[in-house]
Amino acid sequence: MFFFILKTLFFILLISILVSAIRIVPQGSCYIVEFLGKYKETWQAGIHVLIPFLSRVARKVSLKEQVADFPPQSVITKDNVTMEIDTVVYYKVFDAALFTYGVEQPVLALENLTATTLRNIIGDLELDQTLTSRDKVNTEMKIIIDEATDAWGIRVNRVELKNIIPPREIRDAMEKQMK
């Protein structure tokens, strides 16, 4: 009787280990798998089997287009006007392994890269150019950021300047001029 209970418990334990080793990767996602702590492979959508106790899913990565809305950045134009500009970046992960291992915090790195690129581009423009050439700035930023993020497994699809907020006195002057 004791051996029957022991066999039953062993069988239940074995079945539970096997069931926990089966993983289903949903559409639009991929899993990064490590074997003994080292990158082994990237699983695409479908059913997969994990080696119990030796392998693990290190990261689940979404392959869908994602939106990163960054807070306003203080930037200085060529004619020394300080303004606040906030950006929105539309990006997609094209290589999950590079996204996982290329940089420590990819979204934070993307935010910092966007801020510095924005400061560099706006620093070469005067206030009037900044307010009128939004499309040019968007395109230039997309090209620069997309090139830099290739090493991180990120493809930048679009960059948009959401709001350009000049200083209060310039806004007041613009409103007076419109009246």
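The values are calculated or read from the model by the stated rules, or taken from the named source; none is laboratory data. Just so you know, these numbers come straight off a predicted model, no measurement behind them. Glycine also receives a Cβ, built like all others from the backbone with ideal geometry; neighbour counts cover every protein chain displayed. Please note that ligands, DNA and RNA were not included when accessible areas were found on the heavy atoms of the full protein model with its side chains. Shrake-Rupley method; radii C 1.70, N 1.55, O 1.52, S 1.80 Å.
Here are a few things to note about the model shown:
- Simple label model, 7 Å out from Cα along Cβ direction - Ile51 to Lys38, nm: 1.1
- The angle between the Cα long axis of helix 2-21 and the main principal axis of the chain comes to about 30°, on a 0 to 90 degree scale.
- Taking the C-alpha atoms only, the angle from helix 106-123 to the longest principal axis of the chain is near 10 degrees.
- Number of Lys pairs (Cα under 25 Å; 8 or more positions apart or on different chains) in the chain: 19
- At an R0 of 30 angstrom, the distance between the Cβ atoms of Ala97 and Ser133 translates into a FRET efficiency of 0.20.
- For region 46-64, the residues whose amide N sits under 16 Å from a probe point set 7 Å from the Cα of Ile24 along the beta carbon direction are 46-50.
- Computed accessible area, Val61, all protein chains, 1.4 angstrom probe, square angstrom: 0
- Net dipole in debye of the chain [+1 Lys, Arg Cβ; -1 Asp, Glu Cβ; about Cα centre; nearest 20]: 980
- The amide H of Phe94, built 1.01 Å from its N in the peptide plane, has Ile154, Arg155 as neighbours under 5 Å, considering only residues 5 or more places off or on other chains.
- Take region 86-151 with all the other protein chains still there, run a 1.4 Å probe, and you get 50 Å² of accessible area per residue.
- Computed [θ] at 222 nm, deg cm²/dmol, the chain (DSSP H ≥ 4; -39,500 (n - 2.57); rounded to nearest 500): -13500 deg cm²/dmol
- Region 32-179: C-alpha pair distances exceeding 19 Å, %: 59
- Here, region 1-53 is characterised by an Rg to Rh ratio of 1.19, where Rg is the alpha-carbon radius of gyration and Rh the Kirkwood radius.
- Using the 1.4 Å probe convention, the accessible area of region 8-74 works out to 67 Å² per residue with neighbouring protein chains retained.
- Amide H within-cut-off set for Glu41, under 5 Å, with H built and near neighbours excluded: Val33
- Remark: spin-label model distance Glu126-Asn163 equals 2.7 nm, labels positioned 7 Å along the Cα→Cβ axis.
- Inverse mean reciprocal Cα-Cα distance (Kirkwood Rh) of region 37-124, Å: 15.9
- In summary, region 85-136 shows an alpha-carbon radius of gyration equal to 1.44 times the 2.2 N^0.38 Å reference for compact globular proteins.
- Helix 168-178 and the longest principal axis of the C-alpha atoms of the chain enclose an angle of approximately 60°.
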